[in-house]
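Here is the structure we will look at, set down as structure tokens.
The values are calculated or read from the model by the stated rules, or taken from the named source; none is laboratory data. Computed from a predicted structure; not experimentally measured. Quick reminder, even Gly has a Cβ in these numbers, built from the backbone with ideal geometry, and neighbours come from all protein chains shown.
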Amino acid sequence: MANHNWDLYIATLLLEVNRHSSPKAPSFRVSEWTERFDQAGFDGMELWEYHATLAEPEEARALQGTTFPTEVFNTYASMDEAGREDRARATRWIERLEPWGVKFNVGKQPEERETYLTHVREWRAQVPEDVTLLCECHPGTIIEEPAEARQFFADLGVENWGIIVHPLNRLESLQAWFDTFGPAIMHAHLQMRTEDRTVIRFDQRPERTREAVRIMSEAGFQGSCSFEFTGGMNMPDENIEDLWTNTLRDLIYFREVLAL
């Protein structure tokens with residue numbers, strides 16, 4: 001399994017203790033962390049959109065000026081009429097930060113399938129052509145199963161799209177995703193959970209981590225991975241420094257598995 005050439009990113013959502021707040025209220029400035037990201041050896045970041053769209057002007061300028069790259073822009077804009085302005089805002093930031101990919105989701109309502117198709121097509125025409133639309137086929141959405149996602153993209157009829165998989169916490173379906181999409185799987189979100197959905201470090205389920213890497217390797221995966229969640233998230237005493245410490249432990253362990 002050695003000699004992997006997978007880019008490893010830090011998802012800024014991972015460090016955001018206010019990720020579930022409503023209204024959204026980022027708790028830290030990403031620009032103040034990019035040096036740490038770089039020194040840790042991450043190849044870039046997957047930027048949570050609110051770290052940009054809700055940033056003060058000074059932070060917005062700093063994000064645009066940093067040499068540490070935003071490789072994936074993570075938007076939660078809905079693919080319906082209500083999400084039109086959110087999609088336009090995301091597009092403006094994509095143009096400023098020049099990521100290679102933008103993560104998006106479709107909705108949960110089967111009766112709205114045509115609506116989602118229409119708005120993804122429209123958005124594809126607005127996002128720069130060289131930016132890949134990366135679909136997180138998330139549980140609870142209408143394309144959480146590979147066959148449903150395959151038909152959705154067949155009906156979509158646009159170019160430059162890719163699939164995001166969740167290798168560690170959706171291991172049981174990982175092979176099916178690769179069997180269905182092959183090289184269209186371009187990105188992975190890394191998080192590990194227990195049966196009760198508690199987020200843990202990767203080294204606490206070593207057999208799952210190794211098996212996920214094996215499946216990805218044998219499928220010929222040559223994409224990128226974002227460290228999305230880590231141990232300590234969503235706990236009463238959650239804090240950014242502990243999250244960062246656990247992320248570094250995950251990074252070290254994941255690199256060890258890649259080297260096997």
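Odds and ends about this structure:
- In the range 175-198, residue farthest from Met216 (Cα to Cα) [restricted to those that are among the polar types (S, T, N, Q) and in contact with a strand residue (DSSP E or B) (Cβ under 8 Å, 6 or more places away or on another chain)]: Thr194
- The criterion of being in a loop (DSSP other than H, G, I, E, B) and within 21 Å of His187 (Cα to Cα) does not hold for Gly232.
- Residue in the range 181-191 that is buried (at least 19 other Cβ atoms within 10 Å of the Cβ) and in a loop (DSSP other than H, G, I, E, B) present: yes
- Matching residues, the range 49-59, being assigned to a loop (DSSP other than H, G, I, E, B) and acidic (Asp, Glu): Glu49, Glu56
- Of the residues in the range 197-219, at least one is modelled with pLDDT of 95 or more, surrounded by fewer than 20 Cβ atoms within 10 Å (Cβ to Cβ), assigned to a loop (DSSP other than H, G, I, E, B) and of a type in the set (Gly, Ala, Ser).
- Within the range 91-142, the set of residues being among the basic types (Lys, Arg), surrounded by 15 or more Cβ atoms within 10 Å (Cβ to Cβ) and over 20 Å from Asn160 (Cβ atoms) comprises Arg113 only.
- Members of the range 130-139 found to be more than 22 Å from Glu85 (Cβ to Cβ) and at pLDDT 95 or above, listed by number: Asp130, Thr132
- Residue selected from the range 152-162 under the condition of a type outside the set (A, V, I, L, M, F, W, C) and under 15 Å from Gly182 (Cα atoms), by the criterion surrounded by the most Cβ atoms within 10 Å (Cβ to Cβ): Gly162
- Yes/no for Ala62 being part of a helix (DSSP H, G or I) and surrounded by fewer than 17 Cβ atoms within 10 Å (Cβ to Cβ): yes
- Considering the range 235-260, the residues that are charged (D, E, K, R) and in a loop (DSSP other than H, G, I, E, B) include one that is surrounded by the fewest Cβ atoms within 10 Å (Cβ to Cβ), namely Asp237.
Listed here are the residues, each with its yes/no results for (1) over 24 Å from Ile94 (Cβ atoms); (2) outside any helix (DSSP H, G or I).
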| position | (1), (2) |
| --- | --- |
| Tyr9 | no, yes |
| Leu14 | no, no |
| Val17 | yes, yes |
| Pro23 | no, yes |
| Ser31 | no, no |
| Gln39 | yes, no |
| Leu47 | no, yes |
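- Looking only at the range 16-35, residues that are over 26 Å from Cys135 (Cα atoms) and surrounded by fewer than 14 Cβ atoms within 10 Å (Cβ to Cβ) come to 3 in all.
- So Asp155, is it under 30 Å from Pro128 (Cβ atoms) and over 19 Å from the mean Cα position of the chain (by Cα): yes
- Condition check for Phe68: part of a loop (DSSP other than H, G, I, E, B), under 23 Å from Ser226 (Cα atoms) and in contact (Cβ under 8 Å) with a residue 60 or more places away in the chain: no
- Check on Val165, out of contact with any helix residue (DSSP H, G or I) (no Cβ under 9 Å at 6 or more places or on another chain), at pLDDT 95 or above, under 27 Å from Thr194 (Cβ atoms) and crowded, with 19+ Cβ neighbours inside 10 Å: no
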